[in-house]
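The values are calculated or read from the model by the stated rules, or taken from the named source; none is laboratory data. On a predicted model such as this, the values are computed, not experimentally measured, just so you know. A quick note on method: Cβ atoms are made from the backbone with ideal geometry, for glycine too, and the neighbour counts reach across all protein chains shown. With ligands, DNA and RNA removed, areas are computed over all heavy atoms of the protein, side chains included. Shrake-Rupley method; radii C 1.70, N 1.55, O 1.52, S 1.80 Å.
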Amino acid sequence: MAGDKYDEAKLKKELEGLPKGLSAEEAYNRLIYLLAEDYGPVVKEIENFRPAFDVGDLEGSGKASEEKGKKPDRVNVSILLDASGSMAGKVNGRVKMDLAKEAIRDFVSNLPEQSRVSLRVYGHKGRNSQKDKEVSCNSTEEVFVLGEYDESRFSKALGRFKPTGWTPLASAIQGAQQDLSAEKGENVKNVVYVVSDGIETCGGDPVKAAKALHESDIQAVVNIIGFDVDNAGQRALKKVAEAGGGEYQTARTGEDLRRLFEKNRNSIGNLFRTTGRVGNLYEMNAYKLNMIDEIENLLGSNPFVGSKFLEVYDRENKRLMEAVNLLVSLEKIDEKNRDALREKIGHRLKLMQQYRDEKKEELHERLDQALEKARRQMEENIDEALNP
C-alpha cells in the first residue's frame, strides 16, 4: 500500500484481520510489509550523481556547439487551471481557487525573462449540475494568450472566472496543444502545468490527450499538480502526467501549493543555466549553484521544495505512525508493545535521516572534486594561451 496505492479503508480492513496481542516485532514486520516505500528510484538518482565539467577554450568554442550543451532561447509555460465546482471548496478555511490563483500569480511573476506565459481555464461555465454538463464540458478558454508576462493583464485574466462547473481536463490539454502549435524548434522548450483538484468528469481521455501533446512536434512536457486530491484521483492524474512525459505532484494546503510552484520555477530557471560547459569562473560558479540545487532536490531538508528522498521517507513514517494508532484503537497491541513499536519506527526514521546526511556530504564532496579538476584544467588552458 505504498505510494499512491495507499488506501486508509483497505489498511484498516487488513489490520482488523490481525490477531490481538501482537508483539512489537510482529506488528512492525506486518506494517513494513504493508506500508514500506520503494526507495529504489530516488536512491538510484542519488548514487548516479556524477557532476562533470566540460572545460572549453577561452573563447568558449570547440565542443560548445554540441547539441547536448545547448540551452533554449525561450521557454513557454502553459498553465491549465481547473475551474470546476469542486475548486470552490475550502482548505484550512480558504477557498481552493483563491489559493491556486495566488500561487500561480506568484509563480509567473518570478519566472526568468526569457519565459513566455499562457493561462487556460476549464470548467468555468455553467454549473456542476446535470442540465449544465454539456455547457460546462465544452468550456475551456485561453484567458491569457501566450506571450510575455504582464502583471496587470494577467491579474485581470485571473479575475475573469470563478469555479462553477464540470472537469473537461482532456479538452483543456487539447486546447493547450493549439495554444502552443506554433512553438516548435530546437531552441524552444514547452512546459505545461495542470492545477486540478479532481479527475476528468466529461468523458474525455486526458491520458490520450497528454500523450498526443507530448509526442507531437511541439514536444511539450505535461506536469500535474493535484490540489487536495483523494487517493483515486491521485492515481488517475499521475497516469496523465506520465503519459505527458512529466511529473505528478501533490499539494494538501495553500502553502504546499506555493512551495511546489517555487520548486517548478527553479526548474524553469535551470533550463537557462549552464549545464556543465564552462570556459570561465563565472560559468563554473553558475554550474556549481545548479549542482547544489540538484543535491537539494534529491536530499534537501524540505519535501515541498524538491527533496525527493525526504518526501518518500516522511510519507512512509507518517503512515506507519498512523497505523500504530489504528492498531491501538483496534486493540491489537497493548501499551507496552505500542511504545516499543513506535521506537522501532523511530529507529527506521533515524536510519533514513542518517543515510540522507551521509549522502549529502558525499555528493558535495563529489561536486568539490569536480570543481577542483575543472579549475586546474582552466588554469592549464590559460597558461597555454599565454605561453603558446
- Item | Flag for Lys133 being more than 24 Å from the chain's Cα centre (by Cα), touching a residue at least 40 places away in the same chain (Cβ under 8 Å) and assigned to a helix (DSSP H, G or I) | yes
- Query: Can you pull out the residues in region 354-388 that are free of Cβ contacts under 8 Å to residues at least 12 places away in the same chain and among the polar types (S, T, N, Q)?
  - Reply: Gln354, Gln369, Asn387
- When Asn223 is evaluated against the numbered criteria (1) of a type outside the set (Phe, Trp, Tyr); (2) at pLDDT below 90; (3) in contact with a Phe, Trp or Tyr (Cβ under 6 Å, 6 or more places away or on another chain); (4) in a strand (DSSP E or B), which criterion, by number, is the only one it fails? (2)
- Task: Could you check, for region 110-130, whether at least one of its residues is charged (D, E, K, R), under 25 Å from the mean Cα position of the chain (by Cα) and surrounded by fewer than 16 Cβ atoms within 10 Å (Cβ to Cβ)?
- Result: yes
- Does Lys239 meet the test of being in a helix (DSSP H, G or I), more than 17 Å from the chain's Cα centre (by Cα) and over 28 Å from Ser109 (Cβ atoms)? no
- On the given criteria, is Ala172 of a type outside the set (Val, Ile, Thr) and touching a residue at least 60 places away in the same chain (Cβ under 8 Å)? yes
- Is it the case that region 194-214 has a residue that's touching a residue at least 40 places away in the same chain (Cβ under 8 Å), in a helix (DSSP H, G or I) and touching a strand residue (DSSP E or B) at 6+ places or on another chain (Cβ under 7 Å)? yes
- Task: Kindly check whether there is at least one residue in region 178-201 that is polar (S, T, N, Q), within 23 Å of the chain's Cα centre (by Cα) and open to solvent by 20 Å² or more (accessible area, probe 1.4 Å).
- Result: no
- Query: So which residues in region 145-203 are polar (S, T, N, Q) and either under 30 Å from Arg235 (Cα atoms) or touching a Pro at 6+ places or on another chain (Cβ under 8 Å) (or both)?
  - Reply: Thr164, Thr167, Ser171, Gln174, Gln177, Gln178, Ser181, Asn187, Asn190, Ser196, Thr201
- Message: Between Phe161, Phe107, Phe154, Phe144, which is open to solvent by less than 40 Å² (accessible area, probe 1.4 Å), in a strand (DSSP E or B) and either in contact with a helix residue (DSSP H, G or I) (Cβ under 8 Å, 6 or more places away or on another chain) or farther than 20 Å from Val240 by Cβ (or both)?
- Response: Phe144
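For (1) of a type in the set (Lys, Arg); (2) exposed (fewer than 11 other Cβ atoms within 10 Å of the Cβ), each residue gets a yes or a no:
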residue: Lys308; (1), (2): yes, no
residue: Leu327; (1), (2): no, no
residue: Glu331; (1), (2): no, yes
residue: Lys344; (1), (2): yes, no
- Task: Considering each residue of region 66-88, count those that are of a type in the set (Gly, Ala, Ser), under 23 Å from Ser115 (Cα atoms) and either at pLDDT 80 or above or open to solvent by 60 Å² or more (accessible area, probe 1.4 Å) (or both), and give that number.
- Result: 1
- Item | Complete set of residues in region 281-333 that are in a loop (DSSP other than H, G, I, E, B) and either of a type outside the set (S, T, N, Q) or modelled with pLDDT of 90 or more (or both) | Gly300, Gly306, Leu330, Glu331, Lys332, Ile333
- Note on the structure: In region 5-17, anything within 13 Å of Ser329 (Cα to Cα) and of a type outside the set (D, E, K, R) is listed as Leu15
- Note on the structure: Going through region 3-48 in order, the residues found to be at pLDDT below 90, open to solvent by less than 80 Å² (accessible area, probe 1.4 Å) and of a type in the set (S, T, N, Q) are none
